[in-house]
1. GluC sites (Glu not before Pro), restricted to segment 33-137: which are DSSP loop and have at most 14 other Cβ atoms within 10 Å?
2. Hey, if we sort 118, 383 by accessible area with the 1.4 Å probe, largest down, what's the order?
3. Roughly how many whole Å is it from the C-alpha centroid of segment 237-314 to that of segment 324-400?
4. Over segment 259-400, with every protein chain in place, what whole percent of the accessible area is carbon and sulfur at 1.4 Å, could you tell me?
5. Rounded to the nearest Å, what's the spacing between the alpha carbon centres of segment 33-59 and segment 100-134? Just the number, please.
6. Can you show me the helix-derived [θ] at 222 nm for the chain, built from DSSP H runs with n ≥ 4 at -39,500 (n - 2.57) apiece and divided by the number of residues, rounded to the nearest 500.
7. If I model a spin label as a point 7 Å beyond the Cα along the Cα-Cβ vector, how far apart are those points for residue 249 and residue 283 in nm?
8. How much accessible area does residue 257 have with a 1.4 Å probe, in Å² rounded to the nearest 10?
Amino acid sequence: MKTLRLRPGKERSLLRRHPWIFESAIAKGGGDAGETVRIEADDGRFLAWAAFSPHSKIRARAWGFDEQQRIDAAFMGSRVTRAVAARERFELPSDGVRVVHGEADGLPGLIVDRYGDTLVAQFLSAGAERWKSVLADALLAVTGLEKLYERSDASGREREGLAPAAGWLRGSGPTERVIREHAWQLTLDIATGHKTGFYLDQRDSRGRFAEMARHRRFRRVLNCFCYTGGFTVAAMSGLQAAGALDQAELLSIDSSLPALQRARAHVALNGFEGTRAEFLDADVNASLRRFLDEGRSFDAIVLDPPKFAPTVAHAERAARAYKDLNRLALKLLEPGGVLLTFSCSGGIGADLFHKIVASAGIDAGVDGYISERLGAAPDHPMTIEFPEGEYLKGLVVVRK
């Protein structure tokens with residue numbers, strides 16, 4: 001077994017069971033891509049078993065912290081079994097579910113979502129890549145499914161020195177899927193959709209937005225970066241339940257025409273009146289500025305932009321982008337109106353995001369109550385040992 005020896009004092013995070021070992025913490029040692037290595041403190045004490053990644057700044061990712069463990073096929077199977085069992089404890093109002101959530105489930109670099117009868121996996125680390133075949137077999141054995149599609153085409157693969165990969169790993173067939181979420185249906189294509197096909201992490205926030213729409217009876221809703229219209233469908237569902245849909249106007253903006261076409265189809269699929277929803281293929285920032293010039297306003301705005309800061313190194317530039325978006329949105333928000341604003345950037349922490357939104361409010365001359373904090377659905381867990389798992393942050397701001 002190859003060994004990585006750490007520099008003095010660099011063992012503290014591993015003693016707290018944090019799974020990452022950075023290049024700068026290593027005094028000596030190495031291995032092949034994805035190979036299991038023994039991690040030792042500078043005095044030779046055992047710390048962890050980890051998968052080595054020769055290209056990444058995260059030079060190793062811990063599989064486990066018990067010296068008696070064997071990192072083999074049985075180990076991978078037990079981790080998959082535990083992850084699947086954990087989801088059965090949650091009441092998830094959907095048949096689209098995150099089955100494995102990387103480090104939070106003790107499987108660093110592995111993301112697996114279930115869409116009905118099909119699993120979609122991302123192998124994003126050298127360790128997950130090395131164990132791909134074993135993990136694929138374990139996932140199907142534990143879930144009882146027969147289809148597994150790979151979507152290892154995310155940017156994280158490049159940082160691990162891995163080429164993009166996509167296609168059927170097990171089974172075959174069409175890649176279009178229809179899932180149930182709350183009281184509505186949504187469609188996706190596992191081959192071309194964002195991430196593994198859809199943003200399952202926003203499930204609870206979409207449900208909450210439907211409740212707000214029902215209670216507040218929104219009249220003018222603006223959904224920015226709407227993708228395939230999940231928040232639009234949620235608002236229409238809530239407004240219909242309140243008997244207020246026929247008085248409402250909903251505008252959804254995205255720069256992807258295929259996504260907007262699917263969003264429009266979602267309105268029809270769920271039986272809503274299509275004339276109440278408008279879809280705009282445009283740049284969000286430019287559109288918000290134009291709305292201000294036109295004197296328009298909205299009593300509900302959703303800001304769910306793409307990842308601006310994948311790492312802390314990108315945080316400063318991303319903070320400026322988030323601030324400008326929120327400044328414009330707050331100026332467009334009617335008094336008493338509701339802003340749902342999100343950041344899915346791992347490089348932007350919850351405290352920093354709060355400060356960015358506060359600064360945006362000051363520049364906009366707008367004060368507001370933070371009535372709720374939102375985050376990823378419970379099948380996308382953050383663990384005690386791995387706070388970096390809290391990548392999705394959301395605030396509900398009510399303009400005073």
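The values are calculated or read from the model by the stated rules, or taken from the named source; none is laboratory data. None of the values given here were measured: they were computed from a predicted structure. Positions of Cβ are generated from backbone atoms using ideal geometry, with glycine treated the same way; all protein chains shown enter the neighbour counts. For the accessible areas, the whole protein counts, side chains as well, though only heavy atoms, and no ligand, DNA or RNA atoms are used. Shrake-Rupley method; radii C 1.70, N 1.55, O 1.52, S 1.80 Å.
1. Here the sparse-neighbourhood loop sites are 67, 88, 91.
2. Reading off the accessible areas and sorting them downward yields 383, 118.
3. 18
4. Details: 3310 of 6400 Å².
Of the solvent-accessible surface of segment 259-400, carbon and sulfur hold 52 percent.
5. Cα centroid of segment 33-59 versus Cα centroid of segment 100-134: 20 Å apart.
6. Working: 11 runs with 123 residues, N = 400.
Here the helix-only value at 222 nm equals -9500 deg cm²/dmol.
7. Rounded to a tenth, the inter-label distance reads 2.4 nm.
8. Only protein atoms counted, so the area is about 90 Å².
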